[in-house]
1. For the stretch 48-201, compute Rh as the Kirkwood radius over C-alpha pairs and then the Stokes-Einstein diffusion coefficient at 10 °C and 1.306 mPa s; write the answer in µm²/s, rounded to an integer.
2. Which of these, Phe353, Phe179, Phe190, has the largest mean-square fluctuation under a Gaussian network model of the chain (Cα springs below 10 Å)?
3. How big is the Cα convex hull of the stretch 109-168 in projection, averaged over all directions, in nm²?
4. Compute the normalised compactness of the chain: alpha-carbon radius of gyration over 2.2 N^0.38 Å, N being the residue count.
5. Over the stretch 138-204, calculate the relative contact order: mean separation of alpha carbon pairs under 8 Å at least 6 apart, over the residue count, as a percent.
6. For the stretch 148-261, which whole-number percentage of the solvent-accessible area (1.4 Å probe, protein heavy atoms only) is attributable to carbon and sulfur atoms?
7. Could you pull out the longest piece of the chain with no exposed loop GluC sites (Glu not before Pro) in it, calling a site exposed if DSSP puts it outside H, G, I, E, B and it has at most 14 other Cβ atoms within 10 Å?
8. Using helices alone, I'd like the mean residue ellipticity at 222 nm for the chain: each DSSP H run of four-plus residues gives -39500 (n - 2.57), total over residue count, nearest 500.
Amino acid sequence: MLSPVTDRPGLLIRDRLRYSDTTLIIPPSLIPALLLLDGTRTKLDLQAELARSLVIPEIGYAIGHLLEALSQAGFLEDETYAKLKQGRILAFTESPVRQAAHAGSAYPAEIGPLRDLMQHYLDGAAPTRKGIMGIAAPHVSPQGGWQSYRAAYQELTPDLRDRTFVVLGTSHYGQPGKFGLTHKPFQTPFGKTRIDQTLVAELAAQPAALLEDYCHAIEHSIEFQVVFLQAIYGADVRILPLLCGPFANTMHADEFPEDDEHVKRFLEALREIAEREKQRLFWVLGVDMAHMGTRFGDTFAAHADRDEMSLVRERDMLRIERMNASDARGFWNLIKENRDDLKWCGSSPIYTFMKVVPQARGTLHRYQQWNIDEKSVVSFAGISFAL
């Protein structure tokens, strides 16, 4: 993304998969070199091509320094990158728990401040609807979305304490058409969850399942839901964490996610579980909605509830209506409009839920738009579902 450092313009590069913890800022004069790093050119080729197009003294030194910095950071596809990747995946695989990836950044890492903050977020919450069997909450930073989190989580009642909470989260970095599973309990400052190991094992048999999916190690869409669940029910709440990869390959007019045979089989298996275990499951969707503005590739600066975002609100509401009516095909037809120019990152978990529990009906409790930065907006909502 564009460098946020005023006196250091250029491109900021970081590894979203966290194989590397390094952040680099590439100065404007060297940005064209990045376009040439496609695996077909040697260092001499780079020097020659950039010397023709750029006026940079000591071009050879500049290119050499750039390549060395990228390699050491793990940003080139070389041995350094391979070792970093292997090390991160091995560490996750061997860990007995799924460590909290966002404690200390998105929420406090110490139990006292975390407990106080969660009490603030949930203060005054009271159920408005009886007999619910699921909720949809944001996965945006709780600091920005706490009112919608509260709108969803206020619907949870004490009698749900012993349920298995099936947490359907957006897999921001996962493979298309795949569902990420893990046997690892989630560790947060509150303590360690339980995992419904029987259901994990049952779903892991499906071809579309990825067991011990590394994406769990870094993904926030489930972790934030776990923290709210623990704040309400205690550290050892039992969960079934399920990351839903994008259905991006079904954006054409006549295509739907279940046209993929493996996706279809997974949805059928999860629906069988939903029907068989109906009385002991509770569904939690960790989903955000539209992503608009310069940060997300748009040509305009987005401002919450103003200008272009007023139209986004109208279009969001049409999708929420289809979601609350459990009209899966109608919802996906709206997602496919302009190849999802609203960039709803929660569409896969939402569609999965509608196909698995088609009899559920939703109630919208709160809708929000939040400026994640000065020129970019994320929308989200708090919703509850009943049969």
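The values are calculated or read from the model by the stated rules, or taken from the named source; none is laboratory data. All values derive from a computational prediction rather than experimental measurement. Here the Cβ is made from the backbone with ideal geometry for all residues, glycine too, and neighbour counts use every protein chain on show. Heavy atoms of the whole protein, side chains included, go into the accessibility calculation; ligands, DNA and RNA do not. Shrake-Rupley method; radii C 1.70, N 1.55, O 1.52, S 1.80 Å.
1. Reported coefficient: 79 µm²/s.
2. Phe190
3. Working: hull surface 19.5 nm².
For the stretch 109-168, the mean projected area of the Cα convex hull comes to 4.9 nm².
4. 1.06
5. Computed over the stretch 138-204, the figure is 17 percent.
6. On the way: 1760 of 3610 Å².
Whole-percent figure for carbon plus sulfur exposure: 49.
7. After excluding every exposed loop site, the longest remaining stretch is 111-254.
8. Estimated from H runs of four or more residues: -11500 deg cm²/dmol.
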